Structure formats: structure tokens, C-alpha cells
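K.L.:
Before I ask anything, let me first share the structure, which is written out below as C-alpha cells.
The values are calculated or read from the model by the stated rules, or taken from the named source; none is laboratory data. In this text the structure is predicted, and so the values were computed from the model without any measurement. All Cβ positions, even for glycine, are placed from backbone atoms using ideal geometry, and neighbour counts span all protein chains on display. Remember, those area values only see protein heavy atoms, side chains included, never the ligands or the DNA or RNA. Shrake-Rupley method; radii C 1.70, N 1.55, O 1.52, S 1.80 Å.
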Amino acid sequence: MKRIAVIGDISGFGRCSLTASIPVISSLGIECCPFPTAVLSAQTGYSSYHFIDLTSEFTAYANEWQKLGYSFDGILTGYIASPLQADLISSFIEKFKTENTVLLVDPVMADDGEIYGTYSNELCEKVTEIAKKADIITPNLTELCVLAGLEYSDVILKSEDDGYIEFIGSVADSLLSNTLKAVIVTGVRFKGEIYNIVCEKNSRCHIKSQIFGGSYSGTGDLFASVICAKAVLGVPLKSAVETASKFLEKSVKSSFYEGTDRNDGINFQKYLEVLKND
Ligand code: PXL
């Protein structure tokens, strides 16, 4: 059986990070090995939560995995709690990534033109360095701007132009390298629809979805988990992104009509079957 290591927090409420990755990856017939970086009573969007930082346990946990001698078909990283944790994740990648491992880095840092409160400049720089080691990254538009060194306000000025999606694609292309084989820019709003833009060395395409309400907790984590699992299974990225977009559109639609609070995440549990359709 294929195996993916997921480095991330576990939050009691918010349907994000590990509570999103474990069901998605498992439902695709892949063993999901959680590497918990923190335990939270609820994700950080809630007005109050208890945060148990597991950074001091990181090395001992990784050492035990090394002793077991297991290897991974995929490694997935997302939300990072501190610069020290970023360094530890870098060393984890050095130890566990082989030439057969798909490394998907979701460069969680920012959204809607704003850097998250818990992400310092130092942490953003470290996330940018980790992203360079990845095979696939899944930034939203704000994170793409940070990675490419562009001002979000300059990019958004073009958001009414016919060539907007092509322009974002060209920015994403500029990040591709010998290591970084694919950049998937997620959740770009354009002319009343939401676009996921897939940029690979010799191809570029986009998949559109309908918009229901604003942003919800955990959608980026669910998306990255689907893409990592599908990549490990050898599914072409365009098809993986089509499946992930359909899965998210249905889950967001259900939550929107139910009136779910954005912090509580989306009703993805009802639609895990959609993931198997390719
Ligand atoms: O979904 C990203 C995420 C993951 N983990 C925690 C978070 C967030 C976003 O706010 O707070 C703890």
C-alpha cells in the first residue's frame, strides 16, 4: 500500500490540517501517517482556543520513524507554527524524501492580500525556502505573490483584465525549476467564478468552479490532500485538480446552504466518494 506522511496540527474543531488529510488520503486507499506538530482545541480562527505546541517532540518522533526504516511515497506539509518548526520540517525532508517521494508543500502564509498574524517575515522566508524543495506547491494568490516577490495590490489591479488568468499562470511558471515541477494556484476569483490554475513545465490549464459564500476553514488542506494522494497514485495533475475542485464545490455548497460557520469548515465527509471517480 502507498504511504503519505502528513506533517501538520490536529485541531478539535475546524475540519482542517490532519482532520482533513487523514480521511481524504485514507479514502483513496493510501496509508496516512500523521506527524502532529501541535494539538489545538480548535483552529486559530476561533476567538478562543487551547494550543499545545509539539515542536519540542519533533526530533524524537522523527527519530523513531527513522529507526523503523519506513519510506514514504508522499510527504505533505501545510500550516507551520514557528520558524523553528520550519527548520525541523526542512531536516525531515532531507532525511525522508527519496527520488520516488512526491513532496507537496502547501505554502500556508496568507490570504486575501494579508499575511496571517502568526506568520512573521522570518517564517514566510522559511516557507519560501521549503517550497523550493517541493515537487508540487499549492499557493493561493496572496501566497503566490509572496513566493514570487510581487505586491498583491499590483496583481489585483489586473483582476478585471481578460488576460488575468494567463498573467497569473505566467507568474506561477516563473517559479518552476528542476525540482519544482508544478505550481497549482488555488481559489482565484475572476468574473464571478473561482479558478484553480495548473502550471507545469510544458502545459498550463485551469479548472473553474462555482462560488458559494466566502472562504471556509480547511479548504486548502482538503485540496492539497487530494492532490498529494492522486499524485502518489500517478493520476495526471489536471485530472486530480478536476476531482479536487468538484469535491470542494459540492462540500462548500452543502455547507453554504446549511449555514455552517466558516470556522467550522465544510461538509466534505458527505462527498468522499467523489474522490474515487477517475
Ligand atoms: O487550514 C489551515 C490551518 C491549519 N491549522 C491551523 C489553522 C489553520 C488556519 O487558520 O489555524 C491550526
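K.L.:
Heavy atoms only, probe 1.4 Å: what % of the accessible area of the chain goes to carbon and sulfur, would you let me know?
P.N.:
With neighbouring chains kept in place, the figure for the chain is 51 percent.
K.L.:
Given H placed 1.01 Å from N in the peptide plane, which residues other than close sequence neighbours of residue 8 have an amide H under 5 Å from its amide H?
P.N.:
Here 35, 37 satisfy the definition.
K.L.:
Which is the longest stretch in the chain that no exposed loop site breaks, taking sites as GluC sites (Glu not before Pro) with a DSSP loop state and at most 12 other Cβ atoms within 10 Å?
P.N.:
Value returned for the longest uninterrupted segment is 161-278.
K.L.:
Residue 91 to residue 51: extension gain in nm, 0.36 nm per residue of separation minus the Cα-Cα distance?
P.N.:
12.0 nm
K.L.:
Name the helices (complete DSSP H segments) of the chain with a Cα length along the long axis of 24 Å or more and a Kyte-Doolittle mean of at least -1.0, or state none.
P.N.:
Span-like helices here: 237-258.
K.L.:
If you put +1 on each Lys and Arg Cβ and -1 on each Asp and Glu Cβ, how big is the dipole of the chain around its Cα centre, in Debye rounded to 20?
P.N.:
For the chain, the charge dipole is close to 860 debye.
K.L.:
Let me ask something additional. Roughly how many debye, to the nearest 20, is the charge dipole of segment 74-160 about its Cα centre, given +1 on each Lys and Arg Cβ, -1 on each Asp and Glu Cβ, and no other charges?
P.N.:
380
K.L.:
Please tell me which of these pairs span more than 25 angstrom C-alpha to C-alpha: 201/230; 191/253; 97/246; 132/246; 133/253; 191/276?
P.N.:
Beyond 25 Å between Cα atoms: 97/246; 132/246; 133/253; 191/276.
K.L.:
Do me a favour and compute the ellipsoid semi-axes for segment 3-277 from its Cα gyration tensor, root of five times each eigenvalue, largest one first, whole Å.
P.N.:
26, 21, 20
K.L.:
Here's a follow-up. Calculate, for the chain, the solvent-accessible area per residue in square angstrom, rolling a 1.4 angstrom probe over the heavy atoms of the protein chains.
P.N.:
Computed with neighbouring chains in place, this is 45 Å² per residue.
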